[in-house]
Each structure stands twice: as C-alpha cells, then as structure tokens.
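Below is one structure, written out as structure tokens; the observations come after it.
The values are calculated or read from the model by the stated rules, or taken from the named source; none is laboratory data. These numbers were taken from a predicted model, which means no experiment stands behind them. Here the Cβ positions follow ideal geometry from the backbone for every residue, glycine too, while neighbour counts run over all protein chains shown.
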C-alpha cells in the first residue's frame, strides 16, 4: 500500500479525512496535524513534519490562500508572487531531498476565494502551474471545478468549504492520486 502525504492549509485539513476514506485499503493517507499556512511556513516546517511521518510515495500539496491574503490591509499579498515562486521551487527541492528524488508530487491549485478577487487567486495559481510544469509535476486543479458554484460550496466565513465543497474537493484529490496507487 502506498503512503500518501497531503500538505496544505486548513482546506487540506478539511478534505483529508474524506480522501482517507475514499482511498481506504488502497493508500495510507496522512498529513501534518497542523495547518501548513503559507508557502514559506510549509517549506520551513517540512524539516519537523517529515521525520514524524512515514516516507511518502506520493505528495499532494497546496499552498496559496495564506500567501494571497492581505491580512494587515497593507495593499499587497502576504507573499509576493516572486517569493511565492521561490518558495514553491524550494519546497519541491526539499521534498525530493528529504523524501526521495523520485517522490511523486502533485501540485494542487488553490481553491476559489471570494474574499479576494478571483483574478488574484488565478495569478497565484498560474505561478504554481508554471513551477509545476517546469518541475514535471502533475497538476490537480481544485480551482476550476469549484469556481462556478463557489458561493454554494463555502461556509459563512467565505473561505472554508462546506460539506458539499469538501466532498467535491476530496473527490478531485482522490482522483488525482488514484493513478499512482497501482
């Protein structure tokens, strides 16, 4: 049975139990007990998380919402596009260094986030897509399928997924992982 590491923020924490259920008997699905927050946090914290977990055969990974946010109303994102790209590239290198040069990494695009413009989320997803393609990663588009109905898939906080949103995201994640389980 393959080991599947899910990395990401609180959205990942929402869909992880459902992905585990969907892949039961086919994969050992796990992830950090804490939120991966922004790309720089995930990058830094891999050195603490990975020794606590089985070696992954597959990593399904997303960072974005925390990076995009303007939490202090300064007129810019928490992480610039340039720093986001740098952190994504470094995270890929570190995952390959700490797990295996051949670990299968799937880049998951950030889910739609109405608290910021969809165009802003799309710009960050475009950077992640470009990095993933340059690094030979598969891409799991969690944005496009959720976008048309996002207003009906979010909790009242307008960030986290409701039960329907969790189900759709978990199905997408499981579908992206499944080809690599045999």
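Please go through segment 132-160 and give me each residue that is under 30 Å from residue 89 (Cβ atoms) and over 14 Å from the mean Cα position of the chain (by Cα), ordered by number.
Correct list: 133, 134, 135, 136, 144, 145, 146, 147, 150, 159.
Scan segment 64-85 and give yes if some residue there is part of a helix (DSSP H, G or I), surrounded by fewer than 19 Cβ atoms within 10 Å (Cβ to Cβ), on the phi < 0 side of the Ramachandran plot and touching a strand residue (DSSP E or B) at 6+ places or on another chain (Cβ under 7 Å), otherwise no.
The answer is no, given that none of the residues of segment 64-85 is part of a helix (DSSP H, G or I), surrounded by fewer than 19 Cβ atoms within 10 Å (Cβ to Cβ), on the phi < 0 side of the Ramachandran plot and touching a strand residue (DSSP E or B) at 6+ places or on another chain (Cβ under 7 Å).
Give me a count of the residues in segment 106-124 that are buried (at least 21 other Cβ atoms within 10 Å of the Cβ), more than 11 Å from the chain's Cα centre (by Cα) and modelled with pLDDT of 95 or more.
3
Quick one: is residue 22 touching a residue at least 12 places away in the same chain (Cβ under 8 Å), out of contact with any strand residue (DSSP E or B) (no Cβ under 8 Å at 6 or more places or on another chain) and within 21 Å of residue 177 (Cα to Cα)?
Details: touching a residue at least 12 places away in the same chain (Cβ under 8 Å): yes; out of contact with any strand residue (DSSP E or B) (no Cβ under 8 Å at 6 or more places or on another chain): yes; within 21 Å of residue 177 (Cα to Cα): yes.
Here the answer is yes, as residue 22 does meet what is asked.
Scan segment 140-182 for residues that are in a loop (DSSP other than H, G, I, E, B) and under 16 Å from residue 15 (Cα atoms) and jot them down.
Hits for segment 140-182 are 141, 142, 143, 145, 146, 155, 159, 160, 162.
Take the residues in segment 128-161 that are free of Cβ contacts under 8 Å to residues at least 24 places away in the same chain and surrounded by 14 or more Cβ atoms within 10 Å (Cβ to Cβ); name whichever of them is nearest to residue 106 (Cα to Cα).
Among residues in segment 128-161 that are free of Cβ contacts under 8 Å to residues at least 24 places away in the same chain and surrounded by 14 or more Cβ atoms within 10 Å (Cβ to Cβ), the one nearest to residue 106 (Cα to Cα) is 129.
Does segment 30-50 include one or more residues that are in a strand (DSSP E or B) and out of contact with any strand residue (DSSP E or B) (no Cβ under 6 Å at 6 or more places or on another chain)?
Looking through segment 30-50, at least one residue is in a strand (DSSP E or B) and out of contact with any strand residue (DSSP E or B) (no Cβ under 6 Å at 6 or more places or on another chain).
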